[in-house]
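To start, the structure under review is shown below, and the notes come after it.
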Amino acid sequence: MKYTVRNRLVVYGAAGVGYLLVLVASLALVAVPAVETVDRSLAPLQGVFVEIAERDRQVLDEIEALDRYVHAPDSALRAPPGRPVPSRAVSPLLSNYGSVLPPAASRELARAEDAVAWIEAAIGEAMALREIGDRRGAEDRLAEIRRNRAELQRHTTRALVLALETGIEARQAFRGSMATLSWLVIGWIVLGAAVWGWIAYDAARHVFVPVGRLEAGISRIAAGDWSEPIPGHFSGELLTVANQFNLMTDTLRERAGRHAQMATAGELLAGMAHELNNPLQAIRGIAELGHGSGGSSAKDWAVVLEQARRAAKLVNDLVRFVRPPVRRVAPVDLNDVVRDGLNLIGFQYQADGITIETELDPRLPPVQADANDLVQVLVNLLGNAHAVLQNGQSSRRKVTVRTWTLGDRVGATVHDSGPGVPEDVRERVFNPFFSTKDRGFGLGLSVARDILRGYGGDVALDRVRDGASFSFWLPASDEAAVASPSAVAHAQPAKGEVFKGRRIVVADDEEAIRSVLARCLERDGAEVRTAAGGVMALELIRQQPPDAVLLDLRMPDLDGTGVYRRVRQVDPDLARRIIFVTGDPSAMDPALGIPADRILSKPVELTAMRDAVRRVLAAG
Amino acid sequence: MGRRGCRLVLPLIAAITVCSGCRQPESRVRIGLAIEPGWYAAFALAREGMADLPIDWIADSSRNVNAAASALQYAESLADQRVVAVVGHSSSRGSVAASAVYNRRGVLQLAPVATSRALTGGNPWSYALVPDDSVEGAFLAAYVDTALKARRVALLYHNDEFGVGIRDGVVAELERRRVRVADERFLSPVTEGFRDMEITALLAAALNRRPDAIILGARMMETRAVAAYLRRRRTTIPVVCSDGSYVFAPRVPDRDLTMLEGIRIVRFWGHDRDSVAAAFADRFKARYGYAPDQAEAFTYDALGLIGDAVRAGARTPEELRSHLESLGRTRPAYRGIAGEYQFSGRRAFATRMDMGLIRDGRLGAVNPAGAGR
């Protein structure tokens with residue numbers, strides 16, 4: 001038999017039951033018969049003693065009455081109460097107690113009863129003799145009666161002694177039984193102590209202590225100490241629990257590591273994305289300037305500008321996806337979410353020759369959510385569809401994304417032409433860590449469902465005839481949707497010398513960016529001085545306070561934040577005319593209270609920059 | 001069947017043959033006797049008809065089976081010898097005293113002539129062949145009232161289970177018939193080591209009350225004393241005796257009934273009842289030279305009942321008792337010397353009673369009015 005916890009509990013129970021059975025059996029075999037024997041022996045004896053004493057008293061009374069009758073004068077013999085009538089003895093004591101008394105006591109009792117019966121008869125005879133005038137004969141009989149009463153007493157006493165001896169024997173037997181019972185009780189106590197002590201020891205050693213070690217190990221791992229697995233000093237179910245827990249811990253650790261790798265990769269990617277913004281700013285600015293100057297190269301510059309814009313959008317969307325900004329719940333257009341999602345993952349489809357079609361409802365109501373969350377959900381669904389079609393062998397690989405409205409719900413459906421979801425998998429697709437792919441954590445759909453339910457919506461696997469179809473929805477919002485942060489504003493360039501007579505300082509550690517921004521502002525008539533760092537920017541500002549400042553955030557000697565604080569201390573008005581141009585707007589210190597229209601993300605549109613400068617100059 | 005099969009089958013056939021020829025030893029039953037020495041004549045006669053039965057008879061004729069103490073002692077000794085049944089005891093007192101032992105130890109008791117109600121009441125192992133004393137007492141009272149027209153009756157009886165039972169039955173019936181009990185005295189009971197009463201003193205005192213009749217619940221010895229005293233006083237007062245007076249002493253001279261002329265005795269059996277009784281009496285007299293009394297007749301029948309049960313296969317007290325209870329129910333009643341036996345309340349209820357009269361030295365029926373069954 002395996003010594004598992006379950007089996008041990010069975011053994012403990014059996015030991016306990018066995019102990020109780022021994023207890024009950026001992027009581028039944030020893031105590032109960034002992035008590036019954038005493039009851040059987042002693043109860044009738046009490047009656048015998050009482051009745052014998054009563055009988056003896058009665059006989060004595062009758063003898064005394066006979067004595068008076070015999071010696072009474074003749075005239076008193078017939079007067080009432082007259083002749084006493086002796087009682088009749090028909091061995092009631094023998095009938096009542098003969099079966100319960102020991103044989104020797106019964107025989108003595110029988111002799112006593114014989115004596116009583118004879119005495120009663122002799123009393124009658126003595127009275128008869130007295131009646132017929134034989135007084136002498138009556139006196140002789142009386143004397144004989146008294147002598148036989150002694151015989152009666154002898155037999156009675158012996159019967160009582162034998163009965164008492166029986167009682168004494170019964171008591172001694174009872175004492176013996178009680179002594180046996182006392183030893184039994186001691187034995188019960190010892191046996192009970194042994195049984196329960198063994199149970200306690202065995203339970204402590206094989207159940208409680210191992211459970212405690214298991215609990216300690218689990219608590220250690222829960223606290224974050226994954227250095228060592230739970231040691232396997234267990235058996236039975238506990239060993240299974242420990243092994244399974246260690247296996248689970250290893251799996252989680254591996255996945256956490258991979259997740260950390262992914263997070264690090266994401267952070268690296270975000271960092272690289274920010275670094276890409278600087279050269280893109282230069283490319284875009286130069287392209288914009290070249291395109292604005294017209295000429296035969298205007299078309300080429302337009303192509304360069306468009307590609308630069310596209311590259312900038314990709315970088316910004318990727319940065320937002322990897323390291324989303326602070327969640328901002330606002331009315332969101334699901335159509336914009338679809339477009340942003342397709343921007344992120346569309347190249348994978350294009351590279352693998354998978355067709356994406358969209359059917360966007362132009363009258364779609366907005367929904368209340370953080371746009372980045374919804375983009376994450378859509379990208380997860382599109383990624384799953386891509387994985388299925390990429391590995392599949394369908395000749396017609398297509399994904400359709402459709403937005404729709406149904407009642408108060410606004411939703412989107414991603415339908416692929418893949419093999420579909422097997423019936424036995426349908427119930428588990430939203431379970432955490434469930435995946436049919438070789439790679440991944442299996443958390444995508446689970447996280448998507450949690451995100452949508454957080455907004456009052458949900459996601460479901462539709463039943464379709466072919467392929468797989470996932471639909472998600474949210475409640476419609478009454479507010480108007482705001483434009484996607486990644487929406488590109490194609491404002492018309494300002495013409496003419498808008499900034500004539502204005503002095504503007506441009507500070508950026510990238511020479512190309514300084515040059516592009518300066519050329520753009522100079523073309524609008526501004527007098528531009530450039531600084532390669534924060535210290536130089538402060539010096540230029542001190543020498544000749546400008547009308548506006550375009551300030552990069554990250555500079556080697558003194559960053560934009562430091563410059564802004566110093567300027568604010570000295571010239572608050574000028575501080576209100578500082579515009580930050582940065583590749584990482586999320587790095588701005590919110591405590592500075594810089595409004596959003598004075599923070600421009602690289603690569604910034606030159607027209608947007610002009611607009612911002614115009615606004616601050618107008619406000620100043 | 002090949003040689004190998006023969007080697008297996010033949011020894012098996014031989015073993016079966018041998019075993020079938022073997023006889024199992026028949027189980028024997030041990031029956032105890034607790035009767036008067038004079039009743040052993042009836043036992044000897046009864047045993048002749050049961051010689052083929054597997055019965056071992058356990059007896060000690062020297063023991064006093066009537067006194068309570070000795071009856072108890074003898075009963076214990078019989079039970080110790082593992083008897084399954086006992087025929088006895090002789091008197092009501094001894095039977096009642098011994099019944100405590102037999103019922104405690106599960107031994108069937110069959111009392112031939114015990115009338116005491118205390119014998120069968122509450123004792124599941126004790127059976128009696130004659131009516132109980134209340135029935136007999138009522139018969140006696142009815143007789144003195146209807147046949148003798150007595151209005152004042154004197155009672156003399158043994159102060160034991162037998163006599164007191166007769167007395168209670170007589171007094172109850174006399175009261176119902178409004179016949180006055182003029183005097184009531186009792187004699188010494190059956191005991192050991194005590195002197196018997198001088199019945200003449202009691203009788204003399206009773207006669208001072210001028211009874212019309214005397215009812216005697218005593219035995220043959222007392223009956224003779226009463227008859228002798230009345231003859232000396234030349235008194236013709238009728239004396240009616242219970243069945244105990246029809247139990248004779250073993251000595252032949254004591255069976256001389258000449259001195260008891262005119263005494264009336266209740267009979268449960270008489271040799272002149274029917275041909276069966278007459279045949280038994282003739283057979284008994286031919287063997288032993290004297291006529292049997294009712295005690296010997298009922299002893300003979302008690303032994304016959306036991307033999308009948310053993311012949312039917314009864315070997316244990318339970319089986320013997322079951323056989324007695326089945327008589328007249330699932331099997332025919334047992335035909336004995338004194339009539340047909342079937343039991344109700346462990347007492348044979350079909351036994352007839354009649355009044356006997358000693359006439360010309362013989363006890364015969366008197367054809368009394370109101371005779372019971």
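The values are calculated or read from the model by the stated rules, or taken from the named source; none is laboratory data. This structure is a prediction, so every number in the text was calculated from the model and none was measured. Note: ideal-geometry Cβ built from the backbone for every residue, glycine included; neighbour counts use all protein chains shown. Only protein heavy atoms, including side chains, enter the accessible area calculation; ligands, DNA and RNA are left aside. Shrake-Rupley method; radii C 1.70, N 1.55, O 1.52, S 1.80 Å.
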Open item on the list: Rounded to the nearest 10 Å², what accessible area does B:Glu184 have for a 1.4 Å probe in the complete protein model?
Closed with: 50 Å²
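Per residue, how large is the accessible surface of the protein assembly as shown? Use a 1.4 angstrom probe and give square angstrom.
On the way: 47010 Å² over 993 residues.
Counting only protein heavy atoms, the per-residue value for the protein assembly as shown is 47 Å².
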TODO: Compute the separation of the alpha-carbon centres of the stretch A:444-461 and the stretch A:526-588 and state it in Å as a whole number.
DONE: 44 Å
Open item on the list: So if I take the centroid of the Cα atoms in the stretch A:360-412 and the same for the stretch B:281-324, what is the distance between those two points in Å?
Closed with: 116 Å
TODO: Rank B:Asp133, B:Asp60, B:Asp52 by mean-square fluctuation in a GNM of chain B with C-alpha springs under 10 angstrom and give only the top-ranked residue.
DONE: B:Asp52
Task: Contact surface B-A: accessible area buried, both sides summed, square angstrom, 1.4 angstrom probe - done: 2800 Å²
Task: Between the stretch B:140-166 and the stretch B:202-280, the alpha-carbon center distance in angstrom - done: 13 Å
Task: Neighbouring partner chain Cβ atoms per residue of B:160-168, average, 10 Å criterion - done: 3
- [ ] Quote the convex hull volume per residue of the stretch B:128-256, based on C-alpha atoms, as a whole number of Å³.
- [x] 115 Å³
TODO: Please build a GNM for chain B, connecting alpha carbons under 10 Å apart, and tell me which residue among B:Pro332, B:Pro292, B:Pro317 fluctuates the most.
DONE: B:Pro332
Task: Amide H contacts under 5 Å for B:Ile58, placed H, 5+ residues apart - done: B:Ile31, B:Gly32, B:Leu33
TODO: Kindly report, to the nearest 10 Å², the accessible surface of B:Asp282 as traced by a 1.4 Å probe over protein heavy atoms only.
DONE: 110 Å²
Task: Rounded accessible area of A:Glu254 (nearest 10 Å², 1.4 Å probe) - done: 110 Å²
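Using a 1.4 angstrom probe on the protein heavy atoms only, line up A:Lys299, B:Lys285, A:Lys602 by accessible area, largest first.
Numbers: A:Lys299 165, B:Lys285 105, A:Lys602 0 Å².
Per-residue accessible area, sorted high to low, gives A:Lys299, B:Lys285, A:Lys602.
Counting only C-alpha contacts under 8 Å and six or more residues apart, can you give the relative contact order of the stretch B:273-350 as a whole percent? Don't jump to the answer; show the numbers that get you there.
Details: 61 pairs, mean separation 18.2, N = 78.
Relative CO of the stretch B:273-350 lands at 23 percent.
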- [ ] For the protein assembly as shown, give the percent of accessible area contributed by carbon and sulfur heavy atoms, probe 1.4 Å, rounded to a whole number.
- [x] 55 percent
Task: GNM top mover of B:Ile358, B:Ile214, B:Ile166 - chain B, alpha-carbon springs below 10 Å - done: B:Ile358
Task: Relative contact order [Cα under 8 Å, 6+ residues apart], the stretch B:153-266, whole percent - done: 27 percent
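At a threshold of 8 angstrom on Cα-Cα distance, excluding pairs fewer than six apart, so keeping six or more, what relative contact order does chain B reach in percent? Don't jump to the answer; show the numbers that get you there.
Details: 727 pairs, mean separation 59.6, N = 373.
Result for chain B is 16 percent.
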Open item on the list: Probe radius 1.4 Å, ligands and nucleic acids left out: which of B:Tyr300, B:Tyr157 has the largest accessible area, and how do the rest follow?
Closed with: B:Tyr300, B:Tyr157
Task: Exercise: per-residue mean of other protein chain Cβ atoms within 10 Å, B:91-104 - done: 4
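Just tell me how shielded B:197-204 is by partners: mean number of partner chain Cβ atoms within 10 Å of each residue's Cβ, no decimals.
Average neighbour count from other chains, rounded to a whole number: 6.
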Open item on the list: Taking a cut-off of 39 Å, what percent of all Cα-Cα pairs in the protein assembly as shown are separated by more than that?
Closed with: 69 percent
